[in-house]
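**Student:** Got a structure for you, questions after.
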Amino acid sequence: MFRKSIAPVVSFGLSLAIAASAQAQETDSELFRVTVPSTLSITAPSATVSQIHDETDNDQVFPIQRWLVTANNTGGAMAVFTTDQAFTHTLDSNYKRDAYLTLAKASGDAWTVTNGSATTNYGSSLEEVSVTAESFTPGAANFDIGVSLVEETFTDLAAGDYELTVTGTLTAK
């Protein structure tokens, strides 16, 4: 009889060990996060673009300038390219010529040109004009900016340098 009493005790002890290990289970979790910093960038290809007048009555067309625009705001962004004045003689502001400004998208699916051309009219005191583009989602784009001095009569133009500045402004939506 001694043998019969040992078997139930061993069986009972094994049951307690299995039950205790099942109740000792624990869980935990870990969150992984990547933070993407805000990017809002507009870059002109060079600080100065110069050329010599061809001495005709033709408009003086500058080489296309490719600007890079990058914005990762979820609502997109607005890019505005504005002249500061008509082409104005650097020593005598009485001598001016109008500027013709164009904007075309070279690349960038998120972006659309909303106003592709503008012309100053210094005779009517309209010297600040803008071309614009916008996006509705994050993305980068290359924009081709065209600038021309609108010639009237070359022989009426005083010798010297005529300048204007195009400023690009990028605003997140």
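**Student:** Could you tell me how many of the residues in segment 124-144 are in contact with a strand residue (DSSP E or B) (Cβ under 8 Å, 6 or more places away or on another chain) and either in a loop (DSSP other than H, G, I, E, B) or open to solvent by 70 Å² or more (accessible area, probe 1.4 Å) (or both)?
**Tutor:** 4
**Student:** Of a type outside the set (Lys, Arg), modelled with pLDDT of 95 or more and under 25 Å from the mean Cα position of the chain (by Cα) - does that describe any residue in segment 48-58?
**Tutor:** yes
**Student:** Test residue 77 against the stated conditions and say whether it is surrounded by 15 or more Cβ atoms within 10 Å (Cβ to Cβ), under 18 Å from residue 44 (Cβ atoms), touching a residue at least 24 places away in the same chain (Cβ under 8 Å) and not hydroxyl-bearing (Ser, Thr, Tyr).
**Tutor:** Taking the combined requirement at face value, the residue satisfies it.
**Student:** From the set of residues in segment 147-173 that are within 18 Å of the chain's Cα centre (by Cα) and closer than 25 Å to residue 60 by Cβ, which is surrounded by the fewest Cβ atoms within 10 Å (Cβ to Cβ)?
**Tutor:** Across segment 147-173, the extreme among qualifying residues is 167.
**Student:** If you don't mind, there's one more thing I want to ask. Which number in (1) at positive phi; (2) at pLDDT below 95 marks the one condition that residue 109 misses?
**Tutor:** The failed condition is (1).
**Student:** Can you tell me which residue within segment 107-117, out of those that are within 16 Å of residue 169 (Cα to Cα) and in a strand (DSSP E or B), is nearest to the chain's Cα centre (by Cα)?
**Tutor:** That would be 111.
Table: residues versus (1) part of a strand (DSSP E or B); (2) loosely packed, with under 13 Cβ neighbours inside 10 Å; (3) without any contact (Cβ under 8 Å) to a residue 12 or more places away in the chain.
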{"site": "29", "(1), (2), (3)": "no, yes, yes"}
{"site": "32", "(1), (2), (3)": "no, yes, yes"}
{"site": "36", "(1), (2), (3)": "no, yes, no"}
{"site": "45", "(1), (2), (3)": "no, no, no"}
{"site": "49", "(1), (2), (3)": "no, no, no"}
{"site": "52", "(1), (2), (3)": "no, yes, yes"}
{"site": "70", "(1), (2), (3)": "yes, no, no"}
{"site": "73", "(1), (2), (3)": "no, no, no"}
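**Student:** Which residue pairs have Cβ atoms under 7 Å apart, sit 6 or more places apart or on different chains, and have a first residue in segment 156-173 that is touching a residue at least 24 places away in the same chain (Cβ under 8 Å) and a second that is open to solvent by less than 80 Å² (accessible area, probe 1.4 Å) and of a type in the set (Asp, Glu)?
**Tutor:** 158/92; 164/84; 165/84; 167/84
The values are calculated or read from the model by the stated rules, or taken from the named source; none is laboratory data. None of the values given here were measured: they were computed from a predicted structure. Note that each Cβ is placed from the backbone with ideal geometry, even for glycine, and that neighbours are counted across all protein chains shown. When the accessible area is computed, the model is the full protein with side chains, heavy atoms only, and any ligands, DNA or RNA have been set aside. Shrake-Rupley method; radii C 1.70, N 1.55, O 1.52, S 1.80 Å.
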